[in-house]
Every structure is written in structure tokens, then in C-alpha cells.
Amino acid sequence: MRAAIEAARCGLDTALVTKIYPVRSHSVAAQGGINSALKDTDSWEAHAFDTVKGSDWLGDQDAIEAMCKEGPGDILELEGMGAIFSRDIKGHIAQRPFGGAGYPRTCYLADRTGHALLHVMYEQVLKHGVFIYDEWHVTRLVVEGGKVSGVIAMELDTGKLHRLRSKSVIMATGGYGRVYRTTTNALSSTGDGLGLALDAGLPLMDMEFVQFHPTVLKRTGILMTEGARGEGGFLLNSLGERFMEKYAPKVKELASRDVVSRAEQTEIEEGRGVDGCVLLDLRHLGADTIKSKLSQIRELAMDFAGVDPIEAPVPVKPGAHYSMGGIQADMDGQTGIPGLFAAGECACVSVHGANRLGGNSLLEAVVFGRRAGKKASEYAESAGLTPFPDSALCDAASEVAGILKREKGERVYALRDEMAGVMEEHCGIFRSRERLGKGLERIREIKERYGKAALADRGDRFNAELLHMLELGSMLDASEAILVSALHREESRGSHFRTDFPKRNDAEWLKHTLVAKRGNDFSIGYKDVKITRFKPEERKY
Ligand SMILES: Cc1cc2nc3c(=O)[nH]c(=O)nc-3n(C[C@H](O)[C@H](O)[C@H](O)COP(=O)(O)OP(=O)(O)OC[C@H]3O[C@@H](n4cnc5c(N)ncnc54)[C@H](O)[C@@H]3O)c2cc1C
């Protein structure tokens, strides 16, 4: 939406295509906040350093610098658009401490930041006259003569396929968290954009880096914001110990997410868990703080775990949360195909490297959304319309007809669940060649069965089963890309931990992974990391 606003501001005819209503996008679930160095006592350089360190030195430092330098302007602009950030006692925008940050620089609206920002964005989209195709599911990117010519999308209300022709296309399709069984992500976070990009011949970058959030409510995918630890919450094991003192003696619960998730998993696997979880204790913060600053997570804990954090600790465990990898794009969102751009979680610019700091992805979406919107407008102004071949629509239609025609076969829901189980078991927090190799075999086998799966619903209107089928195709591609990339990276860095290669190895692996689809296979390549001012050092919290 930020990209669309920018394009409309540049005077272009702009359309937003979205498979769900814009305000239901996963961004709505963001709780904790958005980072920026706003105070005189903080600096963009300090924010950049924390981000580079958080990324385990795999983030591209030129992109990180741009994000941290431009971020404060974007925050003030959001406020000007109507986002009423929570205030400190002097009436300034309040900022809370967050994991991996050396300074409290996370701006927030209580624990509903994404909700507020998304609604403000949507108002701006309407104000700027952006045309919205709500509940249109993009099934193909159309590229002709090496340039983008538009997309093909299914109108969910009728099941009809349409061609949408345009000079520039910006992909902002979000993450792929749903390839895992325990995930904080919305049902719609199925990595469609990654599948579309792979099919168009584009490489994905750093797919092995999947963020597991340390505090996901027991037996649900519901997030308990990092803000809870930012406000002073403790993590306890079954012996009542604040175990983070062992793993990150200086900052304890506020180490970066990969460090905390690994610590929790170790406690659980070594028998110091509580029913497969650890405990998030907020009681000492007091009822007032919990009610004013963490009211949403209090409600969620009460409704979904029957625990009131004012009275008792909340059972939590790690869950898949964020995709550091994605469609390789430069700082203006440009991909390898002229006219095709990517921004937000589906893109890999890369500002998060091997591990993202909480509060940096809303910022990324806003900063690089704006930049991509501007560059895509410039491109559209200079480029002509690329022809849109009729065959593209015919191919897309016959693909769907082919799926609908199959009479007998496995059901898509069961396959989707099986895939998520395989990813959880074989490509989770702790990985090894053996685990990953078996996972890859199983995903390839599920892929074959997917090609023969059949639907029970053959209707045209809101055929949710057909959508699940289309989404599963992208999810299987994303899963395979994650597994192949993870198998190749024989070191441990950020969120990617190999029990058979437990050390970071800069001599061989200080490089980005590129993975591309060649027919049915995936090929691997590498790209240098941009280092400007921060030389790699050991990461300790
Ligand atoms: C529970 C939770 C809490 C979080 N909290 C924070 C936080 O506090 N701070 C922070 O910085 N980050 C947070 N994050 C991460 C952050 O919210 C996301 O990375 C970011 O909001 C993603 O924005 P996006 O615009 O890239 O994608 P999304 O908001 O996921 O939007 C994707 C859009 O793409 C559309 N789309 C996808 N596929 C198709 C298709 N095939 N056809 C048409 N449309 C399609 C969808 O309809 C949707 O509108 C959180 C994430 C989660 C899951």
C-alpha cells in the first residue's frame, strides 16, 4: 500500500490487487512496533550497527544505512497521515526496548501497531484514488521479451481469470510462514509471490533464513509480542530459572530472536520445559502496565490459553514467524526483470541478513515500499507497454481447468498439513545434513502427489479449495527453496543453525545464497555481501 500511494502521488494510474481485503493483510497482526532512531541521544548509525549485528553480518550495509537514515522521516510521515503513536510523559512519540537493540527505539501504538498503520495506509490509498481489485488472486506474472507486461488474476467472486496489463508491477505479497505448522502468520501468508517469481525465472535470496519467534502462545500460532519482554518480562524454565542468564548474560531476554529461540528449544529438549513450552512471566510488571501497554496479548492469553498474565506466567514456545529471504531486489525494489519490483516481506533487499530484529520489518515495508513505488513510477513513465500475449491467459485458464477436471486424488488440505509437518520436523530451529536431506526427499514426494491431487469443490464462486491448491503450489516451491538453500549452507549463522556445522564461517560463507528454478530442479548460486562501515565481528549479547 505504501508503494501504491507513492505511485499515485507520482501521478500514475495505480491499481492494488489483493487476494483478501487490504486491511486483512498480515501486517494487521503486527503488535510490538516499528523502529527508528528519533531521539538526539540515539543515531541512525547505532540503529544500523544493531541491524548489521542482528543480521549476523549478512545484511547488505548500504541498504541498512538507507533504511536507518530514512526511517525517521517515514515515521513522522506516518504520524502526519494519522497514526497516533503512543506517547511518553513529555508528549513525544514513546519508544520501547526491543530484542537486539542497544537503545529503546521501537515506536508503537500500544500492542496494536500493525493494525493502526495498516488502516492509516488504507485511508491514504483511498484518498489517492488507487483502484482496488479486492479478492483477486494473482496466479501468474506475465513476462514478454524479458520485460513485465502485467499479471493474470482470478476474481474470486466469479472464478473468472482476467489479464491486468501494466508497465510496472510491484510484488508485495508478504511472507510464507504457513509452510510451517506452528506459525504466527495469517492463513494468507503462503509465499505466492515467491512461487510467481521462481516461475518467471527470478532467483530468491537467502531462503535458508527463517525466523522463529520465541514467544508463541502454547498450542496456537498466536504471538505474544516481543514488547512483553521489552517491557521487562522474564522467561522461566520448569525449575523457575531465568535461563536466558546462561545464554545471553548481558541482555538476557532481549537478545536477538534466533538466540532466544535456540535457548528455549535447548531448555525444552533437555527436559527443563513445561509441557513442551517455557514460561513468559509478566506478573512483576503489575496490572497497570499490563493493562495499558500489553492489553491485547493479555486478552489473547486469557481467551486462548485460559491464563491471565497479571496472575500467572504464560506458556510459550518458538514458532515460524518471518521470512528473511525472498525475491532478490535492489534498494529501489528492482528485480532482474525490467518493470518488475518487489518490496516488503516477499523481497530480500537484504536488510535482515541471517536474522531480523523485531520492529525492522514494518520499517522495511514502509521505506522500501516508498522507494519501489517511486522507481516503478519512473520506469512506467519511460517505458512503453509490453505486449501481453493471448497465450498467457489461455495457459492460465487451461491450468485451472486441468485442476478442476481431475476426478479422483488426494485432498489438498491433507497435503498442505503434511508439508507443514515435514518443514517443522526437518527444517526447524536445529538442522543437519541428514534431517534436511530427508525433508527435501519428502517435500519432493509431496510435490509429485500434489500434481495429482483433486478437488471436491468444482464451483466457480469463492472456491476456497481451488485457492488452497494454487497456494500449495507456491508453498511447495518455497519449501524446496528453503531446504535446498539450507542444505548448501554448511555453517551456522543467525537463524540458520546446523548441528553438524555449529560455527559461523566467514571465510567460506559470508555470502548470500541465490536459488532459482530450472525446470523441476533448483540451482544454487552466490552473491557478495555489501560491507560499508561495520567489519564482521563475533556476535555476543
Ligand atoms: C503476528 C505478527 C506480528 C508481527 N509484529 C511485527 C512488529 O511488531 N514489528 C515489525 O516490524 N514487524 C512485525 N511483524 C512482521 C511484519 O508485520 C510483516 O513482515 C510485514 O507487515 C509484511 O508486510 P507486507 O506488506 O510485506 O505483507 P502482508 O501484510 O502480509 O501483505 C501481503 C499482501 O499480499 C497479498 N497477496 C499475497 N498473495 C497474493 C496473490 N497471489 N494475489 C493477490 N494478492 C496477494 C495479500 O492479499 C496481502 O494484501 C509481525 C508479523 C506477524 C506475523
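Taking amide hydrogens as placed 1.01 Å from N in the peptide plane, the amide H of V143 sits under 5 Å from those of S149, each at least 5 positions away in sequence or on another chain. Solvent-free Debye calculation, one equal scatterer per alpha-carbon of the stretch 468-541: log10 I(q)/I(0) at 0.14, 0.20, 0.23, 0.26 Å⁻¹ equals -0.58, -0.96, -1.11, -1.26. Relative intensity of the stretch 282-356 on a log10 scale, I(q)/I(0) at q = 0.18, 0.25, 0.26, 0.27 Å⁻¹, equals -0.73, -1.02, -1.07, -1.13, per a Debye sum over C-alpha point scatterers of equal strength in the absence of solvent.
Pairs of alpha carbons in the stretch 21-156 separated by more than 24 Å make up 46% of all such pairs. Estimated purely from DSSP H runs of n ≥ 4, each contributing -39500 (n - 2.57), the mean residue ellipticity at 222 nm for the chain is -12000 deg cm²/dmol once divided by its residues.
Dividing the convex hull volume of the alpha carbon atoms of the chain by its residue count gives 142 Å³ per residue. If you take the alpha carbon atoms of the stretch 215-317 and fit the smallest convex hull around them, that volume is 86 Å³ per residue. Heavy-atom accessible surface of the stretch 224-333, averaged per residue, reaches 38 Å², computed with a 1.4 Å probe. When you filter the trypsin sites (Lys or Arg not before Pro) in the stretch 229-330 for DSSP loop state and at most 13 other Cβ atoms inside 10 Å of their Cβ, you are left with R242, K250. Roughly what angle does helix 360-382 make with the longest principal axis of the chain, taking Cα atoms, 0 to 90 degrees, to the nearest 10? Compared with the principal axis, the helix lies near 30 degrees.
DSSP bridge analysis restricted to the stretch 88-155 gives an antiparallel fraction near 100%, rounded to the nearest 5.
Computed from Cα atoms, the angle from the helix 113-127 axis to the main principal axis of the chain rounds to 40 degrees. The Cα center of the stretch 270-304 and the Cα center of the stretch 107-150 differ in position by 33 Å.
Scan the stretch 238-300 for GluC sites (Glu not before Pro) in coil per DSSP, keeping those whose Cβ has at most 10 other Cβ atoms within 10 Å, and list them by number. Those satisfying the criteria are E270. Counting only alpha carbon atoms, the long axis of helix 61-81 and the longest principal axis of the chain meet at about 90°. Of the solvent-accessible surface of the stretch 215-317, computed with a 1.4 Å probe over protein heavy atoms with every protein chain present, carbon and sulfur atoms account for 48 percent. The loop-placed GluC sites (Glu not before Pro) in the stretch 497-541, going by DSSP, that have at most 13 neighbouring Cβ atoms within 10 Å of their Cβ come out as E537, E538. Computed from backbone phi, the HN-Hα couplings of the stretch 327-334 come to 5, 5, 9, 8, 5, 9, x, 6 Hz, rounded to whole numbers (Karplus: 6.51 cos²θ - 1.76 cosθ + 1.60, θ = phi - 60°; Gly and Pro given as x).
Local charge sum around R283 (other residues, Cβ-Cβ under 15 Å, Lys/Arg +1, Asp/Glu -1)? Working shown, then result.
Numbers: positive: R229, R242, K291, K293, R298; negative: E231, E253, D281, D288, D308, E311.
Here the count lands on -1.
The values are calculated or read from the model by the stated rules, or taken from the named source; none is laboratory data. As the structure is a prediction and not an experimental result, all values here were calculated from the model. Backbone-built Cβ (ideal geometry, glycine too); neighbour counts: all protein chains shown. Accessible surface areas use protein heavy atoms only, side chains included; no ligands, DNA or RNA. Shrake-Rupley method; radii C 1.70, N 1.55, O 1.52, S 1.80 Å.
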